[in-house]
Amino acid sequence: MTGSIKKRNVMSCISDTRLVFTLFLCVVLPFVSCSHKRDAASADKTATLMDKAVLLEGAIKWSAPVHGSFGEVQQPVRKFPPANFAGNPLAVTLWAENIFSGSEQDVPAYPYLPGFANLDISSYTEAQRACVQGFCTAIENNTSADGFMLSGYVYALVLFKYNVGQFGKRIADIESHILGQPFITGDVCQCPVRFVFKDKSHLDAFLYLVKSSADWKIHQIELKGATDGRQ
């Protein structure tokens, strides 16, 4: 009797265990299956996006970099054949900077003589330049320059010749001149002039022009300084 009861208890435990295991499988397996399906779908989606990215990158036509890291200059885009200027072969290299700067409007550059003036004389009017050039040429040729002086100011020419001698120079030794950029204010024009002597020394001066009717005349001459031929 006792053995029969024990046998029934064992069978009941086994049955309960099977039931619990079956319920466990029914509950857990769907989640495991769904998890695997989601992981697989996610992997497939990731792989698909990567493939598309690779294809898109391969289809893009990238331009060659002009500058590398930290401003390192790379190879030029193109190099033109050598050009010959006055017998000197020059190779013109095309950079991106050249292309951009080439589209800008060219601005003329003029030299500057240290201690004298800029050599841009484009702001002279025709009448102003004619007066200054005519005066300087008359001095160089040792001819009368009275006609370039404002009426009543011929004495300024006499003082000019005297002051040149005070610098140890002779008017007769002036052989050329250089005009500088003028300073124009209303009816007054201040003209820088460098007189060059035969020994290659020079004397700088300002010629002050004023408007007289339709012409410009000199009414004052100011000497700035002189140099010897070594300067």
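The values are calculated or read from the model by the stated rules, or taken from the named source; none is laboratory data. Just so it is clear, the structure is predicted and the values come from calculations on it, not from any experiment. Glycine also receives a Cβ, built like all others from the backbone with ideal geometry; neighbour counts cover every protein chain displayed. We work out accessible area using only protein heavy atoms, side chains counted, and drop any ligands, DNA or RNA first. Shrake-Rupley method; radii C 1.70, N 1.55, O 1.52, S 1.80 Å.
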- [ ] Please work out the average accessible area per residue across segment 133-231, using the 1.4 Å probe convention, and give it in Å².
- [x] 52 Å²
Open item on the list: Taking a ≥ b ≥ c as the square roots of the Cα gyration tensor eigenvalues, with a/c under 1.5 meaning rounded and otherwise prolate when a/b beats b/c, else oblate, which class fits segment 134-227?
Closed with: prolate
Task: Accessible surface of segment 112-205 [probe 1.4 Å, protein heavy atoms]: carbon and sulfur percent - done: 53 percent
- [ ] Describe numerically, in nm with one decimal, the distance between label points set 7 Å from Cα along Cα→Cβ at Asp173 and at Thr125.
- [x] 3.8 nm
Open item on the list: How much length would be gained if the chain were fully extended between Ser151 and Val188, taking 0.36 nm per residue of separation minus their Cα-Cα distance, in nm to one decimal?
Closed with: 11.8 nm
